[in-house]
Structures are given as structure tokens and as C-alpha cells.
1. Taking the Cα atoms of region A:87-155 alone, what are Rg (to one decimal) and Dmax (as a whole number) in Å?
2. How are the alpha carbon pair distances in region A:108-218 distributed across 10 Å bins from zero to the largest one, expressed in percent?
3. So what's the net charge close to B:Gln115: Lys and Arg +1, Asp and Glu -1, counting the other residues with Cβ under 12 Å from its Cβ?
4. Cross-chain or 8 or more residues apart, Cα under 22 Å: how many lysine pairs in region A:1-97 fit that? Count them up, please.
5. State the percent of C-alpha pairs, over all pairs in region A:1-57, separated by a distance greater than 15 angstrom.
6. Taking the alpha carbon gyration tensor of region B:1-48, what are the square roots of 5 times its eigenvalues, largest first, to the nearest whole Å?
7. Mind listing the Cα extents of chain A along all three principal axes, in Å, largest one first?
8. What is the Cα centroid distance between region A:60-105 and region A:171-192, reported in whole angstrom?
Amino acid sequence: MIEIKDIYKSFGDNEVLKGISGKFEAGVTNLIIGGSGSGKTTLLKCMIGLHHPEQGSVEYDGREFTTMNFEEKIEIRKEIGMLFQGSALFDSMTVEENIMFPLNMFTEQSRKEKLERVNFCLERVNLEGKNKLFPAELSGGMKKRVGIARAIAMNPKYLFVDEPNSGLDPKTSIVIDELIKELTEEYNTTTIVVTHDMNSVMGIGDYILFLHEGKKFWEGSNKEIAHTDIQELNDFVFASRFMKAAKGKF
Amino acid sequence: MNFTNFGKYLLLLKAVFRRPEKFKIYLKAIFKQMDFIGVGSIGLIAIISTFIGAVMTLQIAFQLVSDFIPKTIIGSVNRDSSILELSPTITAIVLAGKIGSAISSEIGTMRVSEQIDALEIMGINSPGYLILPKILAGITMVPLLVIMSMFLSIGGGYLGGTLSGAVSPAEYIQGITTDFNPYTIVVALVKAFVFGFIITSVPAYEGFYVKGGALEVAQASTRAVVVSCISILACDYIVTQLLL
């Protein structure tokens, strides 16, 4: 479980996060949603330590992260897997080398054991046999799946996913969403997905935290999101013509 | 502003020299960088050094037209100039262009494509993993390239001088073997060591803190070469002042 309390973050005079709190449970898919510039990615980066919040705390199963020193943070980070918006695969390495990289760095496994783990992860994301391809040879959806395979290689307790569906067609988006949900339930990970994709929200949003202009406006599940009377949330959820037309059917 | 950058550079170096996560992986990366920085630059440095040696001999011969000055001096001047100044400095400046821009753009591209963030999230000390092998390869391979450059520059002088008739082979060889001070080699290697550090660490710093996209990576690459060249010349003066 990850708990954030009263997170504040500014860039110069621009106050991006204004006192965000929330609790993200293990085994369920937690979503942080909001419009562009609402502070979703900044919040995610504060949670994983890529940004340092001016105020507030981030606790990983009761372990306060923001006040840890470098070595302590590294121990927490070994329990974290992350899928970046652009996949962030190491472009000079093959798919196999990308997934094996954290295993090489932090385990004493034999090459055979590591290869078995790589093949298992690739199988898990339906990319068997793609070991020797380079990231430049993969499609956007395949890159995301390799990113997920790399993120789960070390059996993470916490899985962070930044905009998993950006740049993907609707069918591939659903495959990625389903995969994230399956992995979360199968390994009981604390999964946090940052998205503004309404298909993801309605499909896998067990717990949803809605941000607007750097503040938490609403939290709940995908079953509740269509039945609120919060104007900002309704403007976000029912922004598209399709969602407007389907409003009464939720 | 420059003091801020210098402070950030020192803090980055502090992070670079943290204890590596796994020596075996770092060792592999060091050998890879040694191949890139050292072996990959042999051809370029060989050509440049040979021609500079040849041109130096012709110019010295052109300027020393007095009957009171023996022609053997051409070899001596070329030897000392090559060892003390031309080989270390020209090699370093050429490498700053070739290696520096590559290092800066490699790390800068990794920064803008979130690959460095990915390393950090995995719990890897990204400055150490990305920069330490480059610095260690730089401070070992640049002195070796400079030694090679010294021999080729003096050899180039021989070829240039004898083929043009500016100096006879016997006079040139007598010149390069007379009054040789081995301390000049020490000075040159100290310079090469310092330059090797600058050539790798300055571009790495420029690339590591890139923000933006392709344009910013290109600008950082240009800045890396300019700052490296100025730093090399400034350090050249300081080391020369301190050691001679």
C-alpha cells in the first residue's frame, strides 16, 4: 500500500500540486486522472522520487520515502517497476538485454536463470521470441509491452504506469490495460496508473483519484465516477461526444 | 551563473564516484568505452599527428635560415614542441570534438527519452553507471593516444623534413636525440590525464542536465565541445605553469 499525505510541489512561481492526499491499495488498479497540466505526472514523479515535494509525505507500506537517504531510497526502488510514457527502453540494447538489465544489476542468478525469467516475462506480455529485436524495430504497443516486461522482471511490489495508452490504437490500449490489471491481481502489486484515457478509467479503474488544477477534486471507483455532480469531473469524463451520448447508460 | 554550473558539475562528479552497484558490469562498460575512445580514435590521431609533425618541421626550417644555427635544431624543436604541447593539446582538442559530442548527445538523448529516469527508478546510480566508465576510459586511453601521437608527430617531422629536403635524415635524428629531457614526457602525460578527464566529464555533465528535445541535445553537444576546448586550453596553461 502507498499512502501520500498533503503533497505540495511548485516549479518557480507555478504551484503544480496543492496538498494532494490519497491511499493506493495493493491488488487493485489505482488510477490518477485529470486533464493536461493538472499535475498527474508531477504527482507520480514525486511519489517515485524523481521530483522532491516541498511538503508532504509518501509512505511505502509505512516506510516514509521522502526523508530517506540515497541508499535507503535505492532499496525501495528495487521494489518498484515502472512503465514510462515513451517506454524508455534502452535503445542500444535488445529486448532481451533490456529485460535482463535489472536482473544483471541486482541479482546473482546464472545466465540460464536470467534467460528463463526474461522468456517468462516476454511470454507474460505475449511477445515470445522477440528477444533479439532492438527497440527501434518494435511498434508502439510492443514497446509498451516490453516496458511492462522489464518493469515486472524483478517481481515488483509497486508498479507505476505513466500514460500507458498514449499513441496507441484503441484495441492495443485495451490489451495493455487488461495486462496491467491481470498483473496487478496476479502478483498483488500496488499499481498506480496515470492516465487521461476514459476507456482505461471505465475499464480498469478500481480506485480513481481525480486531479484538477493541482488539487484532489474527487476519489472513488469507475462504478461511481459517472454518477457524481462535481462539475469539473463531469466536464472531464463526458468531454467527448461518445461519452456524452453514452452518459445515461452508465 | 557559471559558478552555479561549476557547483552542479562538482555535485555530479560526487555522484559519479559513488560505489558501483556491480563491478563486473562497470568493468565491461569501461572496456567498451576504452574501445570507443581509444581504439576508435587511433586512425584520426595518427593522421593528424603525422601531418602536424611534418608541417612543424617545414615551418621550423623556414624560420631558421641563419647559418649560425645548426639544422639539427629542427629535430630538437620539433621533438620538444610535439611532446610538450602539440601532441597532448591537439589530440585533446580533436578528441573533444569527436568523443565529447558523442558523449554529450548519447547521455542527452537518454535524458530526454527518460532512459536516465528509468535507470534511477530501478535503483541504479545513473551518473555512476553512465559517466564513470567514460571518465576511467578517458584518463587511461588519452595518455596512450598522446604517446602514440608523440612518436607519429616526430616521425612525421622526419618524413616531411627529409622528403622536402629541408633537413637531412642524419641531422634530424641527431636533433631529436640530443639534449632530450625525459621530464617533458611526464609533463605531457600529466596534461593528457587532465585532458582525458575534461574530455569525458564536461560533455557528460552537459548531456546529463539537458532539458527539452532534439534541439536542446544538439545545443548541449555544441556547448560540450566549446567548454571542453576552453577548459583544455586553460588547464594546459595551468599545468605548464605548475610543472615547468
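1. For region A:87-155, the Cα-based Rg and Dmax read 10.7, 32 Å.
2. Final binned percentages: 13, 42, 32, 10, 3.
3. -3
4. Value for region A:1-97: 19.
5. Here the tail beyond 15 Å accounts for 46 percent of pairs.
6. So the equivalent ellipsoid measures 28, 21, 5 Å along its semi-axes.
7. Between the extreme Cα coordinates on each principal axis of chain A lie 56, 44, 32 Å.
8. Value for the Cα centre distance between the two parts: 18 Å.
Coordinate-derived values only; no laboratory data. Just so we're clear, the structure is a prediction, and the values are computed from it rather than from any experiment. Reconstructed Cβ throughout: ideal geometry from the backbone, glycine too, with neighbour counts over all protein chains shown.
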